[in-house]
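The values are calculated or read from the model by the stated rules, or taken from the named source; none is laboratory data. Because the structure is a prediction, the values reported are computed rather than measured. We place every Cβ from the backbone using ideal geometry, glycine too, and count neighbours over all the protein chains shown.
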Amino acid sequence: MPKYGFLGLGIMGTGMAANLVRAGFEVTVWNRSPEKTAPLVALGARVAAIPKEVVEASEITFAILSDPAAAEAVCFGAGGVLEGLRAGKGYVDMSTVDAGTSRRISAAVAAKGGRFVEAPVSGTRKPAEDGTLIILAAGDRPLFDEARPAFDKMGKKTMYLGETGNGARMKLIVNMIMGGMMTLLCEGLALGEKAGLEQEEILEVIEAGALANPMFKGKGGAILAQNYATSFPLKHMQKDLRLAVLLGDELGQPLHAAAAANETFKQARGLGLGEEDLCAVYKAVKG
Ligand code: NAP
């Protein structure tokens with residue numbers, strides 16, 4: 001059995017690392033806030049004090065961290081991933097970041113003789129717990145193949161998308177679409193209420209036709225129940241929209257709708273809703 005490392009035990013990392021431990025792999029974990037390692041220890045994981053020690057103890061180290069700043073801090077910081085790397089070791093960053101961040105990490109890992117794969121994921125808390133994520137990998141192909149047994153325990157579908165940056169971009173594009181859809185669903189529900197319509201009936205009409213999708217059903221129901229328990233933190237959705245709009249700038253692609261959705265999510269963060277689920281954007285839309 002290969003020895004794996006896991007950095008970042010937030011909403012996603014906790015479920016993903018747990019699936020690796022349950023599958024029988026030897027897993028060493030680390031999290032910035034150490035109390036979050038407790039559930040993994042209970043399952044049989046080892047704990048390290050700093051990321052460097054995780055990398056030293058592991059053949060392949062996985063990470064899933066908040067954003068580009070967190071991904072870079074854990075890689076480049078004191079006691080970070082780079083300090084533990086040596087020839088042949090693998091680093092798989094599953095955080096949602098921009099392609100530039102991913103490429104900087106990839107180059108630094110290669111400079112230490114290590115190998116790098118980016119592998120952001122589609123799916124949320126429940127798929128992370130159930131091992132049914134969609135994994136969007138790119139980078140070092142032999143490392144991708146070696147990491148496949150772990151990907152298969154964390155996800156139901158894994159795609160290899162070629163050179164580093166392609167996984168990051170695929171993830172941002174998919175989430176940009178999700179953020180736009182979420183914003184319009186909220187605007188429709190808010191407008192419907194002001195128009196004197198039943199919001200349940202708006203969802204019923206959507207569900208009956210070509211617009212039906214699991215996100216509208218799940219998040220629409222949550223909004224009506226005023227259940228904003230965090231599955232996907234709103235602040236991360238805004239980060240993804242921001243990074244997608246930046247990608248549009250970089251490539252000269254107009255993104256009117258995504259830019260508008262980004263403003264809505266920014267407003268929601270300004271209202272203090274960042275730690276709530278992304279569907280709490282409804283509260284900002286409704287005013
Ligand atoms: P989360 O619950 O907020 O967890 C974030 C993790 O990053 C925590 O382990 C946190 O440590 C760590 N972290 C943040 N800043 C750090 C820093 N400066 N140094 C070291 N560690 C740091 O987020 P999540 O929902 O698991 O999401 C993680 C990533 O997956 C994000 O890129 C997100 O966009 C992406 N994603 C999330 C979902 C979802 O539905 N939740 C779905 C797909 C992709 P602490 O515990 O110490 O704060």
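Structural remarks
- Test result for Val121, away from the ligand (no atom under 15 Å from the Cβ) and buried (at least 21 other Cβ atoms within 10 Å of the Cβ): no
- The set of residues in region 229-257 being surrounded by fewer than 24 Cβ atoms within 10 Å (Cβ to Cβ), assigned to a helix (DSSP H, G or I) and within 16 Å of the ligand (Cβ to nearest atom) consists of Lys235, His236, Arg242, Val245, Leu246, Leu247.
- Only one of the listed residues (Ile60, Ile64) is among the β-branched types (Val, Ile, Thr), touching a helix residue (DSSP H, G or I) at 6+ places or on another chain (Cβ under 9 Å), on the phi < 0 side of the Ramachandran plot and within 11 Å of the ligand (Cβ to nearest atom). That residue is Ile64.
- Only one entry in Met215, Met159 is in contact (Cβ under 8 Å) with a residue 24 or more places away in the chain, assigned to a helix (DSSP H, G or I), within 16 Å of the ligand (Cβ to nearest atom) and not aromatic (Phe, Trp, Tyr), namely Met215.
- Of the criteria (1) within 16 Å of the ligand (Cβ to nearest atom); (2) touching a Lys or Arg at 6+ places or on another chain (Cβ under 7 Å); (3) part of a loop (DSSP other than H, G, I, E, B), which one Gly113 fails: (1)
- Hits in region 8-37 - residues which are within 12 Å of the ligand (Cβ to nearest atom) and aliphatic (A, V, I, L, M): Leu9, Ile11, Met12, Met16, Ala17, Val29
- Candidates Val121, Val117, Val109: the one that is over 13 Å from the mean Cα position of the chain (by Cα) and under 20 Å from Leu20 (Cβ atoms) is Val117.
- Selection of region 87-103 for residues being at pLDDT 95 or above and away from the ligand (no atom under 16 Å from the Cβ) yields Ala87, Lys89, Gly90, Arg103.
- When Lys171 is tested against the conditions (1) assigned to a helix (DSSP H, G or I); (2) within 18 Å of the chain's Cα centre (by Cα); (3) without any contact (Cβ under 8 Å) to a residue 60 or more places away in the chain, the lone failure is (3).
- Among (1) in a helix (DSSP H, G or I); (2) more than 9 Å from the ligand (Cβ to nearest atom); (3) aliphatic (A, V, I, L, M) - the single one Val74 does not satisfy: (2)
- Residue in region 135-146 that is within 11 Å of the ligand (Cβ to nearest atom) and within 28 Å of Met176 (Cα to Cα) present: yes
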